[in-house]
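Let me begin by presenting the structure, written as structure tokens, before commenting on it.
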Amino acid sequence: MARQSNGVLFCLDREDVLKAHDGGVVLAPVVAVLCNEVSNFELISTSNQLYLEFASSSLWPGHGFTATYHFEPVLEMNADLMAKLTDTGPAVSATRSNCDIKISSDMHKQGQIFSPGFPVGYLSSTKCRYEFQATGKERIRIVFTYFNLATKSNKEVAKECNGEDSVTPYISVDGRWEKLESFCGTVTPKPVLSNGPRLVLEFTSFNSSKGSGGFRAEYKFVKDFAVRSGKQLSEYPCAFRYTWQEAMSGNIHSPNFPGLYPRDTECHYFFHGAVHQKIKVHFHFFDIEGIHPCDTATDSDYVEFFNFMTKDEAKMYTRHCGQLDPFDIVVDRRFFRVTFRSNDRLDGHGFNATYHFIDVKHTRKVYPPAIADHTTRSVSDLYMLTEAPTVRSLTLTNSKCIRMKTRGFP
Ligand SMILES: [Ca+2]
């Protein structure tokens, strides 16, 4: 199917999708929903079963999909790897000819990695690859807990890492290894989250550390995209639900915030209020790589807001991208959805926001019975009025008159 130049591109509402469940049954957690055009997408199951579900209900024909599959043995921890993960002394790094490490989530769900010789120091002309492989919904998250690499200029932060000792993350995009921003100097980098089941960190030294200790980082195979709030829904690759019963207010943020968000990622945040509530979301920070109108023609990532649950309802949706000052979104309905979507190039730091379920105030006055059939009330009474059996009409504050039928009206 041809790629649309604008409009809704995420997979949630698409009629033609390929859904992958991490297990042998349809109830197994959904790890990927593919739609539109995708190439070289890789999926690694957690167990020896994977369930693919293809559905097409649109009126437009497509070319479908083709894929290859492999049955692979589970990687196991060996003595050499154990030594590399736990032995960080300078004697080991001096004699070790190969400091490359491959870590699968089958072995460890979390742990630490170090530069060679940490914390004493590393040698010159060293190159180490730390290769990670996740399964299912997991992504690899790296959080640096110590960072002190030697720089030529001895400045605190080297502006460009060219020719400097550095750590560089690589991710797999369309089957190619793509380099992300390199880290050098002494400022601790922000967390890194992979866009799929593979991530490589490459440590390169040109000079000996000269007293700089190197780096230490925690790795973790995470299923929650490092989103720390709401209830994660297993029927989507990345979705979280927020209800008024669980919390009247709280925080939401983009995957891996405050680090860069991962590429090719779609996350949904669903808000469910009570009948008499509206929803307000205040964005404190907003940095989504893209330019207006935030569509595919401009290669933009975006955040989109919806106030409808099904396609049949009256719709409101607005799309945002770029670096924006703090702003509010207020929805006079009990349902709200925020959808984040990133493409396969360029990154931003995402968003951070606070949400509130707000009880609509009932400012209704007491009127004499004689005018009970035609009276003027504020719009905030709307929810109450729909429950009242004797009301025949109401006037909104913008002077439009709406005639309503309610229960009990003759
Ligand atoms: Ca992007």
Residue check, HIS284 within 18 Å of the chain's Cα centre (by Cα), modelled with pLDDT of 95 or more and more than 16 Å from the ligand (Cβ to nearest atom):
yes
Considering only region 98-157, state which residues are small (Gly, Ala, Ser) and either surrounded by fewer than 17 Cβ atoms within 10 Å (Cβ to Cβ) or touching a Lys or Arg at 6+ places or on another chain (Cβ under 7 Å) (or both).
GLY111, SER124, SER125, ALA150, SER153
Index of the failed condition, THR135 passing every other in (1) modelled with pLDDT under 95; (2) in a loop (DSSP other than H, G, I, E, B)
(1)
Out of SER229, SER212, which single residue is hydroxyl-bearing (Ser, Thr, Tyr), surrounded by fewer than 20 Cβ atoms within 10 Å (Cβ to Cβ) and touching a residue at least 12 places away in the same chain (Cβ under 8 Å)?
SER229
Looking at region 269-302, which of its residues are under 15 Å from ASN352 (Cα atoms), touching a residue at least 40 places away in the same chain (Cβ under 8 Å), among the aromatic types (Phe, Trp, Tyr) and crowded, with 23+ Cβ neighbours inside 10 Å?
TYR269
Using beta carbons and a limit of 9 Å, which pairs, at least six apart or on different chains, have the first residue in region 257-268 and within 12 Å of the ligand (Cβ to nearest atom) and the second one assigned to a loop (DSSP other than H, G, I, E, B) and among the aromatic types (Phe, Trp, Tyr)?
TYR261/PHE225; PRO262/PHE225; ASP264/PHE41; THR265/PHE225
Region 239-256, subset touching a residue at least 60 places away in the same chain (Cβ under 8 Å) and within 28 Å of ILE103 (Cβ to Cβ), residue surrounded by the fewest Cβ atoms within 10 Å (Cβ to Cβ)
HIS253
I'd like to know if region 147-157 contains one or more residues that are part of a strand (DSSP E or B) and within 24 Å of HIS349 (Cα to Cα).
yes
What are the residue pairs meeting all of these: first residue in region 333-356, first residue more than 20 Å from LEU180 (Cβ to Cβ), second residue assigned to a loop (DSSP other than H, G, I, E, B) and within 16 Å of the ligand (Cβ to nearest atom), Cβ atoms under 9 Å, and 6 or more apart or on different chains?
THR339/PHE10; ASN352/SER254; ASN352/PHE257
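Table: residues versus (1) within 24 Å of GLU266 (Cβ to Cβ); (2) surrounded by 16 or more Cβ atoms within 10 Å (Cβ to Cβ).
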position	(1), (2)
THR318	yes, no
LEU324	yes, no
GLY348	yes, yes
LYS361	no, no
Counting only residues that are of a type in the set (S, T, N, Q) and assigned to a strand (DSSP E or B), region 177-232 contains a total of 3
Options GLU202, GLU164, GLU235: the member that is in contact (Cβ under 8 Å) with a residue 12 or more places away in the chain, closer than 30 Å to ALA28 by Cα and of a type in the set (D, E, K, R):
GLU235
Condition check for ARG337: in a loop (DSSP other than H, G, I, E, B) and more than 16 Å from the ligand (Cβ to nearest atom)
no
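The values are calculated or read from the model by the stated rules, or taken from the named source; none is laboratory data. Keep in mind that this is a model prediction, so the values were computed, not measured. Backbone-built Cβ (ideal geometry, glycine too); neighbour counts: all protein chains shown.
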